[in-house]
Amino acid sequence: MSAATVMNRYQLNYVDEEAHDEVHDGLPASRLFGQGVTYTYDDVIFHPGHINFGAHEVSLATHLTKKIKLTSPVVSSPMDTVTEAHMAIIMATLGGIGFVHYNMPLEQQVEAVKSVKQQPAGFEANTIILSPKQELKQIQDIQGSSGFRNACVTDSGAVGGKLLAIATPRGLHIVEGQSASDLGNVSMAYQSQINDGSAPTASEATSPEEVQLVMAKHQIEILPFVDQKGNLVKVAYKQIVPPSLDSKGRYLVGAAVGTRQEDRTRVDELRKQADVDVIILDSSQGDSIYQVEMLQHLKRAHPDLQVIAGNVVTGAQARRLIVAGADALRVGMGSGSICTTQEVCAVGRGQATAVYHVGRVARAAGVPIIADGGVQNSGHIVKALALGASTVMCGSMFAGTTEAPGEYFTSNGTRVKKYRGMGSLEAMQKGSESRYYGDTQNIKIAQGVSGTVKDKGSIRQTVPFLLQASRQGFQDLGARDLASAHELLRSGQMRLESRTGAAQAEGGVHDMHSFDKVRW
């Protein structure tokens with residue numbers, strides 16, 4: 001009997017999810033998630049698929065909403081310790097999008113969104129500028145901070161000063177015509193890593209294509225633009241993926257609002273003054289008459305504005321908001337690392353189960369979903385996308401990064417930043433209580449905590465790692481893109497199993513005396 005005959009004999013009818021035979025084991029998602037058990041991402045594992053393509057061929061391009069496309073399926077959460085203008089700008093440069101929180105006065109949120117839209121695409125918004133006169137220890141501190149990778153050195157320590165060198169992880173690249181003696185303490189900080197005359201520059205006549213070619217040739221991540229006198233004008237950065245741009249070539253940016261009457265005015269101003277691209281109706285429990293009425297109002301007042309509704313965790317919740325006009329749904333309730341909703345209010349759902357069931361209903365209506373919460377690593381991103389999400393929203397993963405709001409400080413010898421849930425009492429005192437319908441109550445009930453997270457460096461390093469790891473995950477699943485992954489899920493070809501506690505332990509690092517977990 002030939003191998004082909006044997007395989008045909010055991011061929012599974014994938015269209016019928018209930019089909020089963022001796023070769024194909026595991027369960028289709030419909031059966032695994034239909035047993036009345038709620039699962040987190042760690043509770044489930046996928047069976048590998050057949051690989052007939054390289055990881056570099058995997059496309060993670062996706063839809064954020066019905067009309068907005070992204071090249072990266074990762075977005076940042078509208079939390080006041082995660083996303084303001086700087087985070088939103090860098091997220092857009094990496095092919096995603098950031099949602100500016102609304103735990104601030106309207107005028108401040110408008111300015112944050114405007115600053116994203118006004119930032120020239122392709123140019124760095126917060127380049128570190130060093131001065132030769134800076135103290136050596138200060139330079140070394142900047143050098144040693146995990147968010148630091150590149151800097152320009154000018155005689156004044158600011159944009160507009162004469163460019164002297166570019167500082168990168170590979171060393172100090174001195175502009176032609178300058179010398180190490182011009183660099184003072186900066187040259188001392190780099191010592192032997194000094195390369196005379198090796199710093200390339202660009203001018204206004206340099207095309208965007210030439211900029212990227214120069215950076216690739218010199219293996220650098222930034223390229224300074226100088227005027228005819230050699231003064232620093234602006235700094236271009238290396239593009240890892242195509243950035244998220246609107247029809248006018250500006251960065252895409254979103255903003256969160258509530259469902260109160262004053263939030264209608266907030267949206268009007270965000271649209272009129274800042275030209276915001278997409279609005280998130282920010283609520284821990286989105287299946288409410290308040291959100292339905294807000295959705296219907298926004299669709300009448302701003303028919304071209306994309307509106308994301310939620311949060312929801314069931315198909316019934318999803319259907320109501322879809323009928324009301326939602327352009328996308330945000331999925332998750334109580335799964336975030338700083339959220340206590342499930343503990344305090346006894347409602348919610350395991351995130352893997354929530355994503356699957358909401359995705360099943362939303363997919364039939366052509367509405368993308370955002371998996372929000374519970375993401376701790378690249379494997380969770382792969383699981384969220386494979387279970388039906390179009391994008392994944394990160395909060396704790398991006399908290400503590402260089403781009404997150406707030407200042408670093410030292411706690412017990414560790415460099416940290418503040419991170420808090422929008423349902424924490426601390427955040428509520430600044431105005432987020434309306435998110436939990438608590439602004440009319442005498443007693444404020446916390447649904448989140450405040451704390452600190454370690455310095456995580458820059459998302460310029462984190463996001464590319466997450467994207468590449470996700471591509472490799474999709475390759476192992478046998479899916480070239482999100483559409484094919486969702487079809488494998490729908491047809492039942494994608495097989496899953498639940499994991500015991502021992503299986504989860506076995507699936508991670510174990511039986512080691514000590515180890516270093518280097519991600520890339």
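The values are calculated or read from the model by the stated rules, or taken from the named source; none is laboratory data. Note that the structure is predicted; figures quoted are calculated from it, not measured. We place every Cβ from the backbone using ideal geometry, glycine too, and count neighbours over all the protein chains shown. Surface accessibility is based on the protein's heavy atoms, side chains included, excluding ligands, DNA and RNA. Shrake-Rupley method; radii C 1.70, N 1.55, O 1.52, S 1.80 Å.
Average accessible surface for region 253-318: 34 Å² per residue, computed with a 1.4 Å probe over protein heavy atoms with every protein chain in place.
For the set K238/K417; K133/K248; K217/K417; K229/K417; K67/K114, the pairs lying more than 31 angstrom apart at their alpha carbons are K133/K248; K217/K417; K229/K417.
Peptides 162-175, 115-128 ranked from most to least packed by the mean count of surrounding Cβ atoms within 10 Å: 162-175, 115-128.
Residue ranges 266-279, 90-103 sort as 90-103, 266-279 when ordered by packing (mean number of other C-beta atoms within 10 Å per residue, highest first). Taking a ≥ b ≥ c as the square roots of the Cα gyration tensor eigenvalues, region 266-351 comes out prolate, since a/c reaches at least 1.5 and a/b is larger than b/c. Gap in Å between the Cα centre of region 316-356 and the Cα centre of region 273-295? Using only Cα atoms to place each centre, the spacing works out to 14 Å. Under the simplified labelling scheme, the D246-H56 pair shows an inter-label distance of 3.6 nm, with each label point 7 Å from Cα along Cα→Cβ.
On the basis of the beta-carbon distance and an R0 of 41 Å, V323 and D25 show a calculated FRET efficiency of 0.60.
Take each peptide in 224-231, 238-245, 352-359, 283-290, count the other Cβ atoms within 10 Å of every residue, and average; sorted highest first, the result is 352-359, 283-290, 238-245, 224-231. Extension gain, Q212 to Q228, is 3.6 nm, computed as 0.36 nm per intervening residue step minus the present C-alpha separation. Proximity of backbone amide H atoms, modeled 1.01 Å from N, is registered between G161 and S156, L232 at under 5 Å, excluding neighbours fewer than 5 places apart on the same chain.
On full extension, the segment bounded by T414 and S450 gains 11.2 nm, given 0.36 nm per residue less the C-alpha separation. Note that region 340-419 presents 33 Å² accessible area per residue, ligands and nucleic acids not counted, probe 1.4 Å.
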